[in-house]
Every structure is written in structure tokens, then in C-alpha cells.
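Worksheet: one structure, shown below.
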Amino acid sequence: MGSETEKRLYHIVFLRHGESTGNAEERFQGQTEFPLTESGRAQAHALAERWRSEGVTFDLIISSPLARACQTAKIITARLDVPLEFDPLWMEWHNGLLAGLTDEEAAERCPRPQFVHPYLHTGQTGESRWELYLRAGRGVQSLLDRPAGRYLVVSHGGILNMALYAILGITLQANFQGPSFRFHNTAFAAFVYDSEAHRWYMRGLNDHSHWEFPDD
């Protein structure tokens, strides 16, 4: 019975990348390329070592091709000896003219509108939250189109929030109202999906016990 149950269960972990130079400089990253910092690489190594010591493994790691996610995924796959694929569906929110800017630069060059509805293009030329939500939904669908198994998705905070919205059935609201799911660098959320019962089980959120953060 146990093996029959496993045939229908998806064990999915959603992981945010390690600290990038964009994080360290407090920039809007979007799909702009920022590599990991030294601290970001250390975070990824610490997580990989934690999972190795706990006996955690995956059938496949699927990563955003952006450098900060790609570098995180490669550190983990090397330590756990797990196959790695890249999927652009899991790239970060395309934030248009905001890409690479600091808060001060953004306020000057691309000020935020007073009212932000879910269909408004971010940074004038980027994805709307609705478009990001739909892309995240396609990402989740692509996972469930695979055989049941254990999958690690290495991605970014913006799209991971929308993936959780899609999984949990949360409706987008104007002005960014509604829940926001926190993902520290190299923090992860763990889910199990029962494909026969169509039930999602959340096993953890923002787990980063391998690394301490100053605002904890």
C-alpha cells in the first residue's frame, strides 16, 4: 500500500537562490543578471551540506537559468549528485524599467503609480502580476505533468510567491494587498501533492535553519 501511495505523491520543494550582488546592493533584480555573493555561495553550500547530512535527495532539480539561481542549483546538485535541468518558466518577475535600479533610482526614473491593479505592467514594460501568476501556474503545471516523484525548484522570491498563490488558490488584489510569503535567501517551502485526491499539503515555509539572518 505504501508504494502505491507514493506513485501518486509529488514531493516538491521551492527554493529561493542564495544572496546575489543585486540583493546585497538592494536593487530591483527582475531578469537582470546578478551573480551570487561570497555569502550567497556559502548559503548554498550550507544548505547542500544540511540536506546531505539529513539524507534528503531529489529525482530532479529544476532551476531558473538566471545566474543567481543557476549557481545555487549547481552547488546543490554537485553535493547531492542529482540531475539538473533549466526552465525559463521559473525566471524572476520581468520588472521592466525597474531592472537593476535602487529604490532611489526607481523613485526618480519610474515612480510607482498611486493605484496598482493586477493587470498593470510592472516598470511600464514588464510583466503584470497577473501575467506572473499565469506563468507561475504554468510552472506548477509543468511539474505535475512529470511522473510523481521528488523535485526541487530553484527560483526567485517574486515568482515563488505566485506559485504559492496558484497552489493555495489565493486571488490577486490591487495595491499588493493579500498575503506575501517570505523567502530568505536559500530558504525553501516544502509541499506534498496527492494527485488522486487533489490535495496539497504544506510541510514547511521559509525554512532556513542552515543559515541565520539578522532580522529573524
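Please treat every number below as a calculation from the coordinates, not as lab data. Bear in mind that the values here come from a model prediction, so they are computed numbers and not experimental data. Cβ: placed from backbone, ideal geometry, glycine included. Neighbour counts: every protein chain shown.
Given Cβ point charges of +1 (Lys, Arg) and -1 (Asp, Glu) and nothing else, what value in debye, to the nearest 20, does the dipole of the chain about its Cα centre take? It would help to have the intermediate numbers written out before the result.
Working: 20 positive and 27 negative charges, 99 e Å.
So the magnitude is around 480 debye.
If you filter the stretch 65-136 for trypsin sites (Lys or Arg not before Pro), then keep DSSP loop positions with at most 13 other Cβ within 10 Å, what is left?
none
Angle check, please: helix 38-54 long axis (alpha carbons) against the longest principal axis of the chain (alpha carbons), in degrees 0 to 90, nearest 10.
20 degrees
Relative to the first principal axis of the alpha-carbon coordinates of the chain, what is the inclination of helix 129-144, with its axis defined by its Cα atoms, in degrees from 0 to 90 and to the nearest 10?
Compared with the principal axis, the helix lies near 10 degrees.
Roughly how tilted is helix 67-80, in degrees to the nearest 10 and between 0 and 90, from the longest Cα axis of the chain?
Tilt of helix 67-80: around 20 degrees.
Identify which of Gly126, Gly55, Gly40 has the largest mean-square fluctuation in a Gaussian network model of the chain, with springs joining Cα atoms closer than 10 Å.
Gly55
How large is the helix-only mean residue ellipticity at 222 nm for the chain, computed as the sum of -39500 (n - 2.57) over DSSP H runs with n ≥ 4, divided by its residue count, in deg cm²/dmol to the nearest 500? All intermediate terms of the calculation are to be shown ahead of the outcome.
Details: 7 runs with 75 residues, N = 216.
Calculated mean residue ellipticity at 222 nm is -10500 deg cm²/dmol.
Express the C-alpha Rg of the stretch 6-160 as a ratio against the empirical globular expectation 2.2 N^0.38 Å, rounded to two decimals.
Numbers: Rg = 16.7 Å, N = 155, 2.2 N^0.38 = 15.0 Å.
With N residues counted in the stretch 6-160, Rg over 2.2 N^0.38 Å equals 1.12.
Where does the longest stretch of the chain lie that holds no GluC sites (Glu not before Pro) found in a DSSP loop with 16 or fewer other Cβ atoms within 10 Å?
Details: sites that count: Glu25, Glu26, Glu33, Glu196, Glu212.
Answer - 34-195.
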